[in-house]
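Worksheet for the structure shown next.
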Amino acid sequence: MRDRFKLKTKSEKLKVFMMNKKNKGFTLLELLVVIVIIGLVATITITMVYMSKNRAKKARIVADLSQIRKAAELFYNGNNYSYRGLRGASDILTLKTDISEHGGQLNVLVGVDSYVAYSVYPGALSGHYWCVDSKGASKDVSYTPSGGNCDNTPASSKLPKRPMPNRPSV
């Protein structure tokens with residue numbers, strides 16, 4: 001009679017144990033594993049949504065800065081070929097509001113024959129700006145533009161330099 005209940009393999013023992021198990025719910029460990037997996041998936045999803053929002057805001061700010069370039073050229077042609085007064089132009093103020101609503105901060109530096117506009121954008125490294133200028137540049141810069149273009153050089157430094165005369169050696 002004892003031989004009848006003697007099981008030969010581990011899988012047979014496991015089968016009998018599972019059939020005799022009266023508690024048919026989940027164990028605490030199984031529940032914890034499921035909760036951890038759901039938490040990881042939620043974290044990854046939220047991170048991806050946040051990153052996508054920042055990319056969309058940056059794209060909007062870059063597009064607005066591109067519109068500033070077009071508005072500035074129209075202003076230049078209609079303002080006796082000068083950029084003076086560009087910062088107060090209605091198109092620029094409208095775009096400035098839109099840039100602010102998307103997390104940027106528009107700055108416009110104006111000279112007689114040149115301008116530079118730049119803004120911070122969501123997701124940018126500290127000290128980085130998106131910059132456009134009257135020379136046609138549109139790029140990310142790691143400094144605060146202060147010259148007449150996005151290369152951070154004064155507009156006059158772009159003029160060709162005269163060659164230095166040969167000096168006799170002493």
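Taken together, the values in this text are just the output of simple stated rules run on the coordinates, not laboratory data. No experiment lies behind these values; they were computed from the predicted model shown. For neighbour counting, all protein chains shown are included, and Cβ atoms are generated from backbone atoms with ideal geometry for every residue, glycine included.
What is the order of Tyr115, Tyr76, Tyr83, Tyr143, fewest Cβ neighbours within 10 Å to most?
If I rank by nearby Cβ atoms, fewest first, I get Tyr143, Tyr76, Tyr83, Tyr115.
Once you have the Cα-Cα distance between Val112 and Lys24, take 0.36 nm times their residue separation minus that, and quote the gain in nm to one decimal.
23.5 nm
Between Ala42 and Asn80, take the C-beta separation as r, use R0 = 45 Å, and let me know the FRET efficiency to the nearest 0.05.
Plugging the Cβ-Cβ distance into 1/(1 + (r/R0)^6) gives 0.15.
Please order Ile68, Ile92 by the number of other Cβ within 10 Å, starting at the fewest.
Ordered by Cβ neighbours within 10 Å, fewest first: Ile92, Ile68.
Can you give the FRET efficiency for Val33 and Lys53, using 1/(1 + (r/R0)^6), R0 = 30 Å, r = Cβ-Cβ distance, to the nearest 0.05?
According to the calculation, E is roughly 0.45.
Given points 7 Å out from each Cα along the Cα-Cβ axis, report the Ser66 to Asp91 separation in nanometres with one decimal.
1.5 nm
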